[in-house]
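S.K.: Attaching a single structure in structure tokens format; questions to follow.
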Amino acid sequence: ARLVVDGSLARLVFPAFQAADGERSGWLRWGQGEVQGFVAAVFQQCGLSAPSEDAVGKVFALFDTDGSQVLDVREAVCLLDAILRSLCHAMSGVSAPAAAASLVLDGG
């Protein structure tokens with residue numbers, strides 16, 4: 001939870017984004033595993049087990065509003081923030097459906 005609130009997440013995110021962006025295009029592609037690799041790298045740096053590709057895919061769909069199957073760095077940061085906030089909600093005793101509703105209603 002502290003990572004999300006105190007801004008230290010940003011220090012982890014940008015190097016992880018650059019490492020996952022294999023083509024140095026400024027985008028992470030879903031179909032090439034770059035988004036999942038990005039999420040997994042940040043979770044690993046935080047000492048957490050990465051969420052499944054299915055779980056990340058469901059959140060990814062909320063952020064890929066134009067259907068392009070790619071995220072720029074801002075969208076990737078928002079995606080990761082939403083996943084971590086959802087995890088924090090789940091760990092704080094909030095039911096999984098409530099955490100999911102919070103994620104959707106709060107917009108991440």
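S.K.: Quick check on region 75-91. Is at least one of its residues open to solvent by 70 Å² or more (accessible area, probe 1.4 Å), in a helix (DSSP H, G or I) and at pLDDT 85 or above?
M.R.: no
S.K.: While we're on this one: Looking at region 21-41, which of its residues are under 19 Å from Ala61 (Cα atoms) and among the aliphatic types (A, V, I, L, M)?
M.R.: Answer for region 21-41, where residues must be under 19 Å from Ala61 (Cα atoms) and among the aliphatic types (A, V, I, L, M): Leu28, Val35, Val39, Ala40.
S.K.: May I ask you to list pairs of residues, at least six apart or on different chains, whose Cβ atoms are under 6 Å apart, with the first in region 13-31 being farther than 15 Å from Val77 by Cβ and the second being of a type in the set (A, V, I, L, M) and crowded, with 17+ Cβ neighbours inside 10 Å?
M.R.: Arg29/Val70
S.K.: Please specify each residue of region 32-51 satisfying the condition of being in contact (Cβ under 8 Å) with a residue 24 or more places away in the chain and either of a type in the set (Val, Ile, Thr) or closer than 20 Å to Gln69 by Cα (or both).
M.R.: Val35, Phe38, Val39, Ala41, Val42, Pro51
S.K.: Sticking with this structure for a sec: Go through region 53-90 and report how many residues are closer than 17 Å to Ala20 by Cα and free of Cβ contacts under 8 Å to residues at least 12 places away in the same chain.
M.R.: 1
S.K.: Here's something else I'd like to know. Across region 37-64, what is the total count of residues that are part of a loop (DSSP other than H, G, I, E, B) and among the small types (Gly, Ala, Ser)?
M.R.: 4
S.K.: Oh, and also: Give me a count of the residues in region 14-31 that are surrounded by fewer than 15 Cβ atoms within 10 Å (Cβ to Cβ) and either in contact with a Ser or Thr (Cβ under 8 Å, 6 or more places away or on another chain) or part of a loop (DSSP other than H, G, I, E, B) (or both).
M.R.: Number of matching residues: 6.
S.K.: Is one or more of the residues making up region 32-51 of a type in the set (Phe, Trp, Tyr) and either open to solvent by 40 Å² or more (accessible area, probe 1.4 Å) or touching a Phe, Trp or Tyr at 6+ places or on another chain (Cβ under 7 Å) (or both)?
M.R.: Within region 32-51, one or more residues are of a type in the set (Phe, Trp, Tyr) and either open to solvent by 40 Å² or more (accessible area, probe 1.4 Å) or touching a Phe, Trp or Tyr at 6+ places or on another chain (Cβ under 7 Å) (or both).
The values are calculated or read from the model by the stated rules, or taken from the named source; none is laboratory data. This is a predicted model, so every value here is computed, not measured. Positions of Cβ are generated from backbone atoms using ideal geometry, with glycine treated the same way; all protein chains shown enter the neighbour counts. Just the protein is used for accessible areas: all its heavy atoms, side chains included, with ligands, DNA and RNA removed. Shrake-Rupley method; radii C 1.70, N 1.55, O 1.52, S 1.80 Å.
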